[in-house]
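To start, the structure itself, in structure tokens.
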Amino acid sequence: MFKRRRGRHAAPEEGDGGEAGAEGTHGAAVPDVFPEAAGTGPAPSDVPEPLAADSTGPPARGARATASRQGDPGHPHEENLVLRAAPGTTQPTGSLAAGPTTASPPAADAPQPVPTAGPGRPAQEPEAAVDSAPAPDGAVTCNAPGATAGSGARARGSVPEFSAATARPAAAPPRTLPTDAPRVGDPLPPLPLPRLASPTTSLPGLRADGGLLGDRWLGAASLAGQSHLNSGTTAQDAYQFTLSDDGSLLVAAVCDGLGSRPRTAQLGATLLATLLCEAGGRATAEQLAADPRAVLGDVLAAACARTARLRAAGMPGLTDKDLSCTAALVLLPAAGPGWAARVGDCAVMRLAGEAWETVFQRDGGPLNKVSAVLPHPVPAEIAEYAPLAEESPGDRLILASDGLAEDAFGSPAVRAWLAERWSQPCDAAAMADSLRYRRRGSHDDRTAVVVWSRPLRDG
């Protein structure tokens, strides 16, 4: 995830120019405390603010960018950024949007003829080939070489020459799959073509799972944030799950690498998620029932200690800070209440029908406040702990990185979409599709692990 630590102010809902919500960080379960649902936040609206643009791409020429940020500078994921186009400017083109795509007209690859002078009409200079027309939403476009979209630039001097070496055809749209995922905050501009991260330590841009784990159905998905796709940097979220050695506990973890370590934090997130589940797998339901905080603290401590040993042995040039990440961990027994722990701003939520509840209480401030990270020498001292309510048939327990949690907390439309999609167990493809919504200003990685309480069995 893209986490610059950080504090993004809670952004208003989709119609008021923002696309980020705010998740809280402490305490016990609070029923449906989302601001709009409780009547304490701004009134929801799906009518966008005039001239508000999706900030996923570079600003158009003449555009004015305003940003509200807290935390480290230079993090597009960790700021509430809204670009407003100056009069007479065009938004940048280029898209890989969910749904059918349409290619825009190709850019001109040959110079236009120079109009001759006539009576009362001076000779005109040729205009440079510029693809300045806004692309239809969902289309992928390519500007002519050297042209700036929306600039209306005019070549000065001789007629421009486009040789075979420099002329390029317009980009064909990549193939995608249709989706019913909502578009929150329309009109949303086309997205630029995604760029892949080149380092060999990069995480996949899409990962998804779905199936039985014990007698529960578990679905999970992680999508690289739009900011990573725009810049060609790696995703930084990771998830992992397992059953305990004796089969009495389901263990799941979500970790989110800090954006302040863009080349190494994903290594820490992946390693910690794996080691948290490995350590949790040695616990038993009986131990959890006897002293849940001690069990969770031991799991956190064992994972951090093992991370330090592996780092020293295999990555001697790195420090704990290079592997910094936030984490959420749950231990669910086959029967009886489970427990959750977290360090940082990942979220644990419960969804009963269409009612959302938070396991860790929100304080009404920004969601992505990071006061502590892993690895830590004494993680039990910085972790938050919370019991999980008894499961009812059809309940869903959700572990989420802050990128997804911000959208769920801040948007009634996103909450309604996820509640409907997760109303029944999802396979891997359905889990991936559930995260394909677009929301203005939503640029961070999205990761969710969903555990359905309804028992399912083969046959």
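The values are calculated or read from the model by the stated rules, or taken from the named source; none is laboratory data. What you see is a predicted model, and the numbers here were worked out from it, not measured in a lab. All Cβ positions, even for glycine, are placed from backbone atoms using ideal geometry, and neighbour counts span all protein chains on display. Ligands, DNA and RNA are stripped out before the accessible areas are found, and what is left, the full protein with its side chains, is counted by its heavy atoms. Shrake-Rupley method; radii C 1.70, N 1.55, O 1.52, S 1.80 Å.
Apart from one condition, residue 285 fits all of (1) in contact with a Leu (Cβ under 6 Å, 6 or more places away or on another chain); (2) among the aliphatic types (A, V, I, L, M); (3) buried (at least 22 other Cβ atoms within 10 Å of the Cβ); the exception is (3). Tell me, yes or no, whether region 254-267 has at least one residue that is assigned to a strand (DSSP E or B), touching a residue at least 40 places away in the same chain (Cβ under 8 Å) and open to solvent by 10 Å² or more (accessible area, probe 1.4 Å). No, region 254-267 has no match at all. For first residues located in region 199-224 and under 16 Å from residue 398 (Cα atoms) and touching a residue at least 40 places away in the same chain (Cβ under 8 Å), partners that are open to solvent by 30 Å² or more (accessible area, probe 1.4 Å) and basic (Lys, Arg) and lie 6+ apart or on another chain with Cβ distances below 6 Å form the pairs 222/207.
From the list 195, 175, 156, the one residue that fits, being modelled with pLDDT under 80 and assigned to a loop (DSSP other than H, G, I, E, B), is 156. Cβ-Cβ contacts under 7 Å between residues 6 or more apart (or on different chains), taken from a first residue in region 282-308 that is within 15 Å of residue 249 (Cβ to Cβ) to a second residue that is aromatic (Phe, Trp, Tyr), are listed as 288/339; 292/339; 296/339; 296/385. Can you confirm whether residue 226 is open to solvent by less than 50 Å² (accessible area, probe 1.4 Å), touching an Asp or Glu at 6+ places or on another chain (Cβ under 7 Å), within 30 Å of residue 343 (Cα to Cα) and at pLDDT 90 or above? No; evaluated as a whole, the condition is false for this residue. Applying the set (1) loosely packed, with under 15 Cβ neighbours inside 10 Å; (2) in contact (Cβ under 8 Å) with a residue 40 or more places away in the chain to residue 314 leaves exactly one unmet item: (2).
Looking only at region 237-261, which residues are among the hydroxyl-bearing types (Ser, Thr, Tyr) and within 15 Å of residue 339 (Cα to Cα)? Result: 244, 248. For the residues 251, 295, 299, the requirement of being in a strand (DSSP E or B) and of a type outside the set (S, T, N, Q) singles out 251. If the condition is being charged (D, E, K, R) and either open to solvent by less than 20 Å² (accessible area, probe 1.4 Å) or touching a strand residue (DSSP E or B) at 6+ places or on another chain (Cβ under 8 Å) (or both), then region 229-253 contributes only 237.
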